[in-house]
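What follows is a set of notes on a single structure, which appears directly below.
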Amino acid sequence: MSDTKDQKVTTPTKKVEEKPEASSSSPKPAEIVEKKDEVKEDNEEEEPELDEDVIDMETFQQIMDMDEEDEGDDEDGEKHSFSKGIVWGYFEQAEATFKDMEAAIVDEDLTKLSSLGHFLKGSSAALGIIRVQASCEKMQHYGHKRDEEAGVSLSADEALERIKKLLTDCKKDYGVAKKWMENLYEEDK
């Protein structure tokens, strides 16, 4: 029995191959990243590439594993309906939060920006969207007029300027993660 188990794991970094019935029916995130990397060599400037630091694959795989526990399609024939629902809910939440952040920037409401950063940080962490999570954590601190990395206080104007740039970068990282997830679920928007 241990010989069979050893044969199933072909690459030490791929945990997804431990369940052959799931990997044969649909590509796993790690497999998609590899295929995407092959295509990206020709088109690198057209689309941002999914780096390891955009999505924590171990965390996201845990969400995908919840689909496998259902052992079958839902009534519409979708194999990943549970995780897809979570991901699409995150998209709606993130986009609404970005709009709220933009309004808070216009209002120069650092307290609101800190709160919104904290809120989006948590939902991003739950899906493993770690670059958005990190940006939101910085925004949370900037909203309190602190740069925790440097260990210094910031003026309100300096904090607001940092948040403006951070929000732009955060939206780009979100866009990369969203596109990758849409492709994963074979959704074209």
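Bear in mind that the values in this text are calculations on the coordinates, not laboratory data. Not measured: the values here are computed from a predicted model. Neighbour counts are summed over all protein chains in view; Cβ atoms, including those assigned to glycine, are modelled from backbone coordinates with ideal geometry.
Counting other Cβ atoms within 10 Å as a rough exposure proxy, the listed residues Ile55, Ile129, Ile105 run Ile105, Ile55, Ile129 from fewest neighbours to most. Rounded to the nearest 0.05, what FRET efficiency is calculated for Glu161 and Ala96 with R0 set to 30 Å and r the Cβ-Cβ distance? Efficiency, rounded to the nearest 0.05: 0.80. Taking other C-beta atoms within 10 angstrom as a stand-in for reagent exposure, Trp180, Trp88 fall in the order Trp88, Trp180, fewest first.
Take the Cβ atoms of Asn183 and Thr111, set R0 to 45 Å, and the FRET efficiency comes out at 0.75. When a/c reaches 1.5 or more, the comparison of a/b and b/c decides; with that in mind, is segment 80-189 rounded, prolate or oblate per its Cα gyration tensor? Since a/c reaches 1.5 and a/b is larger than b/c, the shape of segment 80-189 is classed as prolate. From least to most packed, judged by other beta carbons within 10 angstrom and beginning with the fewest, Ile86, Ile130 follow the order Ile86, Ile130. Going toward the positive end of the dipole of segment 121-189, with +1 on Lys and Arg Cβ and -1 on Asp and Glu Cβ, which of Cys170, Asn183, Ser155 do you reach last? The residue sitting farthest along the positive end of the dipole is Ser155.
Stretching the chain fully between Ala103 and Glu148 yields a gain of 13.8 nm (0.36 nm per residue, less the alpha carbon separation).
Around the Cα centre of segment 57-183, unit charges on the Cβ atoms of Lys, Arg, Asp and Glu (plus for the first two, minus for the last two) sum to a dipole of about 900 debye. Dipole magnitude for segment 118-172: about 240 debye, using +1 per Lys or Arg Cβ and -1 per Asp or Glu Cβ, origin at the Cα centre.
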